[in-house]
Each structure stands twice: as C-alpha cells, then as structure tokens.
Amino acid sequence: MNSFNGIGRIGRDAAVRHTSNGKAVAGWPLAIDVGWGEKKTTLWLDCAMWGERGEKLVAYLTKGSQIGVTGELGEPRVHEGKAYLPLTVVNVTLTGKPSDSGERTAKPAAKAQKPAADDFDESSDIPF
C-alpha cells in the first residue's frame, strides 16, 4: 500500500495546468522537514492534485502556507541535477492560520444574543 501523510509549507503559489484532453491539474512544491537539530533537512515534494478540487483549492495554496497532504508517492526522478519526489494528492488540509494567506480570511462567528429580562411578558403563561 502506497500512502503518504505529511504537513509542510508551500514553496510557491499553486498553478493550474490543463492536459491536451482538457483535464485540470493543480501543482505546487511542498517542503517537509525531516529530522531535527543539526541533522534537519528539507524534503521537497512535487505535488499534483487532479480535477475540480485542485482548481478550487488553488486560491488557498499560496507560498508559505502550511498544509497537510494525503496522497500516493510516485517514482523519484532527477531533472537537471535536482531530485523530485512526485506526490499525487488525494486530500488537502489547510492547517495554517488564516493570516498565512491573503486569500483566506477568517470570518468571525456570530455571537448569540441572550434575551434581556425586559423581553419577557409576565402575563404570558409559562408552560412549566
């Protein structure tokens, strides 16, 4: 079974491309820290999310945003001396703060108002 789960930071804004037969694919690099202390390194994943979900998420996948991804790892490849580890993303979780991205804005929760004591009519029948 090939399943990957990780949390990392986006290396550049996600972009949508279309295949020759019109299928959409959103792509972005994701940096994941491996190890700790002096032995800490960064693993770069070449993420791709296919279909309408990827198209809709692009607005939220901006450089520096922290996200969680679930997907399937592909075969590592080398291009012009750089190693790439492809990840076909199945699910994205936006884990960063809303202020991490200009596109995401937090909406304040509506506060429930408590009825004032003056709002009750003493002449009405109380059912209990």
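So here's what we get for this one:
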{"read-out": "Other-chain or far-sequence residues with amide H under 5 Å of T95's (modelled H)", "value": "I67, G68"}
{"read-out": "Segment 61-82 versus segment 1-32: alpha-carbon centroid distance in Å", "value": "7 Å"}
{"read-out": "Pairwise label distance in nanometres, K82 with N2, each label 7 Å out on the Cα-Cβ vector", "value": "2.2 nm"}
{"read-out": "Where only C-alpha atoms are counted, convex hull volume of segment 1-47 per residue in Å³", "value": "101 Å³"}
{"read-out": "Built amide H within the under 5 Å cut-off of D13, gap 5+", "value": "K63"}
{"read-out": "Extension gain from R53 to W36, taking 0.36 nm per residue of separation minus the Cα-Cα distance", "value": "2.8 nm"}
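Bear in mind that the values in this text are calculations on the coordinates, not laboratory data. Since the model is a prediction, treat every value here as computed from it, not as a measurement. Every residue, glycine as well, gets a Cβ built from its backbone with ideal geometry; the counts of neighbours run over all protein chains shown.
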